[in-house]
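*Asks:* Structure in structure tokens, see below.
Nothing in this text is a laboratory measurement; each read-out follows from the coordinates by a stated rule. None of the values given here were measured: they were computed from a predicted structure. Note that each Cβ is placed from the backbone with ideal geometry, even for glycine, and that neighbours are counted across all protein chains shown.
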Amino acid sequence: MKNFLGLIFLILLLFSCGEKTRPLKREVRAVWMSRFEYAQGKTAKQAKAYIRDSFQKFAAAGMNTIIFQVRGQADAIYRSQYEPWSNLLTDTLGKDPGWDPLEYALTEAHDSGLDLHAWINTFPAWKSEEAPPQKSQPLHPLLAHPDWLVCDSAGNPMKPSAGYITFSPGIPAVQEH
């Protein structure tokens, strides 16, 4: 019996030695770029130059991945049928800036040999003491779905304030959105 178990062990050992090992995945050396860095207070020309120059510096520094923030408060810094354009791009919520920062960043990242991942803040709805403007296209989700807001223990929804108000992740419609 000992010889039989020894033979089985030897056969298993021989077969396991022939198994190929998985190649190591590439190490991720990432940089996060906030929407405030490249969009706020910049013209399209300035923003594009900032993105391009930053990506070239990141690549030269040995980075290989950019985490690029494109959604901050239920607004978009890319073409979207669900959220209005961010007011960071034009100072007007919903106004088309005439270019797509995410599309531009993807092209620049790939030209610089970098991977790009879009960073999306999923639950922040708004950050202002005033509600979003009524005229954005598409309509801001907070205006379309005020019932999606987080509520206190008495059932009162969050009110616009200097801090972020958020959509409730426990609401199925929020999860689907």
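*Asks:* About the Cα centre of the stretch 30-176, how large is the charge dipole given +1 on each Lys and Arg Cβ and -1 on each Asp and Glu Cβ? Please answer in debye to the nearest 20. Don't skip to the answer; put the middle values down first.
*Replies:* Numbers: 12 positive and 16 negative charges, 61 e Å.
Roughly 300 debye for the stretch 30-176.
*Asks:* Can you pull out the GluC sites (Glu not before Pro) in the stretch 96-173 whose DSSP state is coil and whose Cβ has at most 14 other Cβ atoms within 10 Å? Walk me through the intermediate numbers first.
*Replies:* Values: sites: GLU103, GLU108, GLU129, GLU130; in loops: GLU129, GLU130.
Those that pass, being in a loop and sparsely packed, are GLU129, GLU130.
*Asks:* What does the charge count near SER86 come to, summing +1 for each Lys or Arg and -1 for each Asp or Glu among other residues with Cβ under 9 Å from its Cβ?
*Replies:* So the environment of SER86 carries a net charge of 0.
*Asks:* Using the number of other C-beta atoms within 10 angstrom as an exposure proxy, rank HIS110, HIS140 with the fewest first. The partial results should precede the final answer.
*Replies:* Numbers: HIS110 12, HIS140 23.
Arranged by neighbour count, lowest to highest, HIS110, HIS140 become HIS110, HIS140.
*Asks:* In addition: Residue by residue through the stretch 72-84, which ³J(HN,Hα) values in whole Hz follow from phi under the Karplus form 6.51 cos²θ - 1.76 cosθ + 1.60 (θ = phi - 60°), with glycine and proline marked x?
*Replies:* Coupling constants for the stretch 72-84: x, 8, 6, 10, 10, 10, 6, 5, 9, 8, 9, 10, x Hz.
*Asks:* Then there's this: With a sphere of radius 15 Å drawn around the Cβ of TRP126, what net charge do the other residues whose Cβ falls strictly inside it have (Lys, Arg +1; Asp, Glu -1)? Walk me through the numbers on the way to the answer.
*Replies:* Working: positive: ARG35, ARG71, LYS127, LYS159; negative: ASP75, GLU83, GLU129, GLU130, ASP147.
Spelling it out: positives minus negatives among the neighbours equals -1.
*Asks:* For the chain, with the dipole built from +1 on Lys and Arg beta-carbon atoms and -1 on Asp and Glu ones, taken about the Cα centre, which of VAL150, PRO101, GLY113 lies farthest toward the positive end?
*Replies:* My answer, from the dipole projection, is GLY113.
*Asks:* Using a Gaussian network for the chain with springs between C-alpha atoms less than 10 Å apart, which of these wobbles most: GLY94, GLY155, GLY62?
*Replies:* GLY155
*Asks:* In addition: Hey, in the GNM for the chain with a 10 angstrom Cα cutoff, which one of ASN87, ASN121, ASN156 fluctuates hardest?
*Replies:* The residue that fluctuates most here is ASN156.
*Asks:* I would also like to ask the following. Which one, ARG29, ARG52, ARG71, has the greatest fluctuation when you compute a Gaussian network model over the chain with C-alpha springs under 10 angstrom?
*Replies:* ARG29
*Asks:* Taking amide H atoms as placed 1.01 Å from N in the peptide plane, list the residues 5 or more away in sequence, or in a different chain, whose amide H sits under 5 Å from that of TRP119.
*Replies:* Residues meeting the criterion, in which the H sits 1.01 Å from N, are PHE68, GLN69, VAL70.
*Asks:* Restricting to the stretch 30-176, what percent of DSSP beta bridges are antiparallel, rounded to 5?
*Replies:* Roughly 30 percent of the beta bridges in the stretch 30-176 run antiparallel, per DSSP.
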